[in-house]
1. From (1) more than 24 Å from ALA72 (Cβ to Cβ); (2) modelled with pLDDT of 85 or more, pick out the condition that doesn't hold for CYS144.
2. If we keep just the residues of the stretch 194-244 that are modelled with pLDDT under 80 and among the hydroxyl-bearing types (Ser, Thr, Tyr), which is least open to solvent (accessible area, probe 1.4 Å)?
3. For the structure I just gave you, tell me whether ALA307 is open to solvent by less than 30 Å² (accessible area, probe 1.4 Å) and over 20 Å from ALA343 (Cα atoms).
4. Which of the residues spanning the stretch 79-96 are more than 15 Å from THR222 (Cα to Cα), open to solvent by less than 10 Å² (accessible area, probe 1.4 Å) and in a strand (DSSP E or B)?
5. Report yes if some residue within the stretch 304-312 is under 30 Å from CYS226 (Cβ atoms) and at pLDDT 90 or above; otherwise report no.
6. Where residues in the stretch 321-343 are farther than 19 Å from ARG209 by Cα, of a type outside the set (Val, Ile, Thr) and in a helix (DSSP H, G or I), which of them is least open to solvent (accessible area, probe 1.4 Å)?
7. Restricting to the stretch 147-170, count the residues that are modelled with pLDDT of 90 or more and over 19 Å from THR57 (Cα atoms).
8. Name every residue in the stretch 120-147 that is of a type in the set (S, T, N, Q) and free of Cβ contacts under 8 Å to residues at least 40 places away in the same chain, in order of residue number.
Amino acid sequence: MLLCKLTKQMHPGVVFLKPFKMAGRLPLEIAVNKTHTREQNRNSAPSPESQASAYGTQMAKYFTMNQPPHVAIDSAVSVVRPQMAITRLIARSGIPERTASIPSEKAYVVSVHLNHANSGDWELWTDGKYTKTGPWPVGGVAMCDLESNSSIRNPGPIDWIHYHVPRATLDSLTDDARMSRVKRLHCVYGTSDPAVYHLTQLILPCLNRPEMFSQLFMDSLTMTICSHLVAQYGQTPQAISQFKGGLAPWQRRRVVELFKEHLDGEVKLETLAEECRLSVSHFARSFRRSFGTSAHRYLILQRVEIAKALLSETNNSLVEIAAQAGFSDQAALTRTFANLVGATPAKWRREHSGRRIFVEISKGKSLQSQE
């Protein structure tokens, strides 16, 4: 709900994204405990390359490889897409020994702490250089370049969110905005970042339900986080250019048509932009200018309006209405509807049923008088 607000808070008027040409939607749920590891890929098995990347159970293995036998990651949940992966790792016993080095890859891991880290015990090694970090509060972030040789040690309890961001994703963003590519992301370990932290809090309930991350939602989330990272932590000489134009009338009509055809959210920003004959960054900025919100937020509002119409004009069940309005299930309809409207669908229908009866009676009287 707050995605568009956070975008404005981070960089007003700045939204840009290069079309992602990488293949496939890869939702991935992972559960890890002290006795076994389980991976379940809902659509297709991950490639050997994806298994070696620093997210999900593979990240858990890097952190526990050199640890005593009793040390383990208590839980790890991950949602994976080609342009970005999100992993939550919880280790109540901490990581008392120095971890194994993470193999080099062209990507960053952006870590967000969900609990306060023991600043006196947190240690970091990067390309052989030793660092003892300062205070790391809740909401503190760090940028780890996976092309460097990095390892850590923290004996205290940890609860992390890791955003695995390939360099190709950042390059696509800057190329589309006609900026120089980011040389590196850098910040002092533990830097407070309210924008990333609050956005992380919003998605936490969804990590156990990868189906919530529709294509359009994941595109918007990646765009929001990565544009913030580039502007806040990227070493680029140019400022991000501003754009004030909106969509032409024909473009607005075409976008509305596409949303009606894809209420489930399985439409890419790239597709919307191509239909409007615009680059993705140009389209995203123009869309916000024309509709006053992001594409994903607009789609949610349209779903709710369709649900209202079905609730007031039909006797369909809530399960049927959820499907017709593009929600994944009745629970998703109820949660979103109550959040935006202030009442559950059932309550809203009861409150508006009297008006529907009055309209039907009025229509009946009119027909009788004509006869």
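1. (1)
2. Step one: filter the stretch 194-244 for residues modelled with pLDDT under 80, giving 210-212, 235-244.
Adding the requirement that they be among the hydroxyl-bearing types (Ser, Thr, Tyr) leaves 236, 241.
Details: THR236: 32, SER241: 66 Å².
This residue is THR236.
3. Working: open to solvent by less than 30 Å² (accessible area, probe 1.4 Å): yes; over 20 Å from ALA343 (Cα atoms): no.
Considered against the rule, which asks whether it is open to solvent by less than 30 Å² (accessible area, probe 1.4 Å) and over 20 Å from ALA343 (Cα atoms), ALA307 comes out as no.
4. From the stretch 79-96, those more than 15 Å from THR222 (Cα to Cα) are 88-96; that's our starting set.
Add one more test, that the residue is open to solvent by less than 10 Å² (accessible area, probe 1.4 Å), and what stays is 89, 91, 94-95.
Scanning the stretch 79-96 gives LEU89, ALA91, ILE95.
5. So in the stretch 304-312, the residues under 30 Å from CYS226 (Cβ atoms) come out as 304.
Right, trim to at pLDDT 90 or above and you get 304.
Yes: the stretch 304-312 contains one or more residues that are under 30 Å from CYS226 (Cβ atoms) and at pLDDT 90 or above.
6. ALA338
7. Qualifying residue count, the stretch 147-170: 4.
8. Here is the first cut: in the stretch 120-147, the ones of a type in the set (S, T, N, Q) are 126, 131, 133.
Once the filter is applied, which keeps residues that are of a type in the set (S, T, N, Q) and free of Cβ contacts under 8 Å to residues at least 40 places away in the same chain, the stretch 120-147 yields only THR126.
The values are calculated or read from the model by the stated rules, or taken from the named source; none is laboratory data. These numbers come from a predicted model, not from an experiment. Virtual Cβ from ideal backbone geometry, glycine too; neighbours counted across all protein chains shown. Ligands, DNA and RNA are stripped out before the accessible areas are found, and what is left, the full protein with its side chains, is counted by its heavy atoms. Shrake-Rupley method; radii C 1.70, N 1.55, O 1.52, S 1.80 Å.
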